[in-house]
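> The structure is given below, and queries will be raised subsequently.
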């Protein structure tokens, strides 16, 4: 294999990572809540999820659906944790356990079965809500989905560009 072919993927990823970071710096001042430090970390997670989902359009769609379900699951957990407040230390854990159990039943469906995206989407939502003090359920969900889509597009772009450059003559 030629040096050119060996360098193609690392260079593609480097350029795309550069672009996604620039995009985040342009977008973050427009994204609620204000102020924020950007949400590129969500896009990078979703970029990886695209590959985990098989690196194809169907997997990308299932990833978005999984992220949305994960966000909904997180909101449910926040609300159930309040209901289970009487359990004290175990209240949040009980809410997480119940919702996680329910999510696993989705494995038996066709379009709603990408459990890794649900768990990563839920984890990103928890991080967002925990570390962005001004976040609301709605602005956190909207921002996470926007950055998820960006990451999935960059995953698609990675594979498309890699295939294009690998087909080029030596």
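Bear in mind that the values in this text are calculations on the coordinates, not laboratory data. All values derive from a computational prediction rather than experimental measurement.
> If only Cα atoms are counted, what is the Rg of segment 1-82, and what is its Dmax, in Å?
For segment 1-82, the Cα-based Rg and Dmax read 16.9, 59 Å.
> Shifting gears a bit: Once the Cα gyration tensor of the chain is found, what semi-axes does its equivalent ellipsoid get, as square roots of 5 times the eigenvalues, in whole Å, sorted largest first?
Semi-axes, largest first: 34, 20, 11 Å.
> Would you mind listing how long segment 69-170 runs along its three principal axes, going by Cα atoms, in whole Å with the largest first?
Sorted largest first, the three principal extents are 68, 36, 19 Å.
> Here is a follow-up. Counting only helical runs of four or more DSSP H residues, what would the 222 nm mean residue ellipticity of the chain come to if each run contributes -39,500 (n - 2.57) and the total is spread over all its residues?
Values: 6 runs with 126 residues, N = 170.
Per the formula, -25500 deg cm²/dmol.
> Relative to the longest principal Cα axis of the chain, at what angle does helix 3-27 sit, 0 to 90 degrees, rounded to 10?
50
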